[in-house]
Amino acid sequence: MTIHQFPTPVRPHALSVEHRDHVAMARLRRYLLDALAAELPERVQRAGTPVSADERRGLAEKILHDAAQTHSERELIANRPLLDQATERQVVAQVIDELCGLSGLQPLLDDPTVETVNANRWDQVIVQYTDGHRARVAPIAASNQDLTDLVRTLAARASSQERRFDQGNPAVNLQLPGGERLFAVMGLTAGAVTALSIRRHGYLTVTLDDLQDRGTIDAGLRAFLAAVVRARKNVLITGGTGVGKTTLLRALAAEMDPMERIVTVEDAFELALDRDPAHLDVTALQAREPNIEGEGAVSQAELVRWALRMSPDRVIVGEIRGPEVIPMCNAMSQGNDGSMATLHASSSQIAFTRLASYAAQSTERLPLEATNLLIAGAVHFVVHLDRADGTRVVSSIREVVGADGPHVVSNEVYRPGPDRRARPVRGALCADTVNDLAAAGLDPAVALTPGSWWTP
């Protein structure tokens, strides 16, 4: 009789231990991240006082310790194999590292030459450098789910405000620990993947002298803008995305008296004047999105109204985006001279149309003529930024002199030259304004002489 010898069967689970552990680790990591996103904002808010990075880490460690224990109990009930304690601690440590760092984004943010990060998906990442050139870089996550988890974790730790990032709230706008601004969406792109954009401001403290050294302004513009600030003229800074509006706003603020009381209003913290030792009395306000129940939202328009009750010498709006244009103009025309704001616009002239369109969206529903009267009584100068040969430059400055029905009347006192850099227009500045600026220390022979542009 022939006896057939069959190979000894290998137990299936012996071949899949590594895979089984990987699945279990992923399940634990998912549970821990969900627990952080659900509990950390609430615990930070309950603290009632500003929470330091170390205190936030301590709260996160407590949440993760409790969550890991609960997860183990659920795995037992589900009759799933448990991870050994060393592996469990490793997963918890990895989540803590993600919470306190920025995972795959960290190398990019550690590079001071990286200015903008655009991730169309987790493995399609384009960065723009400070010299203007762009390049594709390595993936910032291992998968779309990992990128979604990273953004959700960053949203949970962003501040004391409750910030969700899920299908119910598929967009989030927040400030990263280094001051960078992140905006992300999930499920709304082609392929329904998570995409994000990060903008960084490389100069949290900057002066007009610094901008002159970089070629953004010349000596005449430096003297002119400094006098505008000292004379407490209201200024609107315009330009495209990433052209340096916030940087110029910081430089103008550096010309203010250190003891002046400043209240800033922003959609997401970027100005950081409250962190600049050159300013001793700053209250920084940030708009708030609605909570899970759809309540608790605070708009920029409301914050501007509240700012007026905080005894400000100047009110600064980081960026006008909508109905806050009405309270901002009211602030500029009701004794808070020297206030400032930025606005996305393609030219200094178009700025007035943008302001009017935003005013039309406000609850006041002002007609165009009334809006123009309000703008003309509030804004003194519009300073426009552009690019010239890859350099951010002041290209145009308009003085607002009045309103005529559907039009805001303005004089272009600095006009773009052939190289897009601003050149003064002799005689364009109103005589009263010249006197005001001269009283603030302006030497017209320096600031208003054509051809004075500083060449690097």
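The values are calculated or read from the model by the stated rules, or taken from the named source; none is laboratory data. None of these values were measured; they are calculated from a predicted model. Methodologically, a virtual Cβ is constructed for each residue, glycine included, from the backbone with ideal geometry; neighbour enumeration extends over all protein chains shown.
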From Ala195, Ala227, Ala141, grab the single residue that is of a type in the set (A, V, I, L, M, F, W, C) and out of contact with any strand residue (DSSP E or B) (no Cβ under 9 Å at 6 or more places or on another chain).
Ala227
Where the second residue is at pLDDT 55 or above and the first is under 22 Å from Ala142 (Cα atoms) and lies in the range 11-31, which pairs have Cβ atoms under 6 Å and are six or more apart or on separate chains?
Ala24/Leu83; Met25/Val91; Leu28/His71; Leu28/Val91; Arg29/Val91; Tyr31/His71
Scope the range 421-456; condition at pLDDT 90 or above and at positive phi; matching residues
Gly441
One residue from Pro424, Pro418, Pro367 being surrounded by fewer than 22 Cβ atoms within 10 Å (Cβ to Cβ) and over 23 Å from Arg305 (Cβ atoms):
Pro418
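Return yes when Ala376 is within 14 Å of Gly239 (Cα to Cα), outside any loop (DSSP other than H, G, I, E, B) and either over 23 Å from the mean Cα position of the chain (by Cα) or among the small types (Gly, Ala, Ser) (or both) and no when it is not.
Details: within 14 Å of Gly239 (Cα to Cα): no; outside any loop (DSSP other than H, G, I, E, B): yes; either over 23 Å from the mean Cα position of the chain (by Cα) or among the small types (Gly, Ala, Ser) (or both): yes.
Taking the combined requirement at face value, the residue does not satisfy it.
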Tell me the helices (runs of 4 or more DSSP H) entirely within the range 55-160 that contain at least 1 residues that are in contact (Cβ under 8 Å) with a residue 60 or more places away in the chain and of a type in the set (D, E, K, R).
85-100, 144-157
Take the residues of the range 349-361 that are out of contact with any helix residue (DSSP H, G or I) (no Cβ under 7 Å at 6 or more places or on another chain) and either among the polar types (S, T, N, Q) or surrounded by 24 or more Cβ atoms within 10 Å (Cβ to Cβ) (or both): which is modelled with the lowest pLDDT?
Gln361
Considering the range 290-348 alone, what residues qualify as being farther than 16 Å from Met256 by Cβ, of a type in the set (Lys, Arg) and either surrounded by 15 or more Cβ atoms within 10 Å (Cβ to Cβ) or touching a His at 6+ places or on another chain (Cβ under 8 Å) (or both)?
Arg305, Arg321
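For the range 398-444, name all the residues that are outside any strand (DSSP E or B), β-branched (Val, Ile, Thr) and in contact with an Asp or Glu (Cβ under 7 Å, 6 or more places away or on another chain).
Once the filter is applied, which keeps residues that are outside any strand (DSSP E or B), β-branched (Val, Ile, Thr) and in contact with an Asp or Glu (Cβ under 7 Å, 6 or more places away or on another chain), the range 398-444 yields Val425, Thr433.
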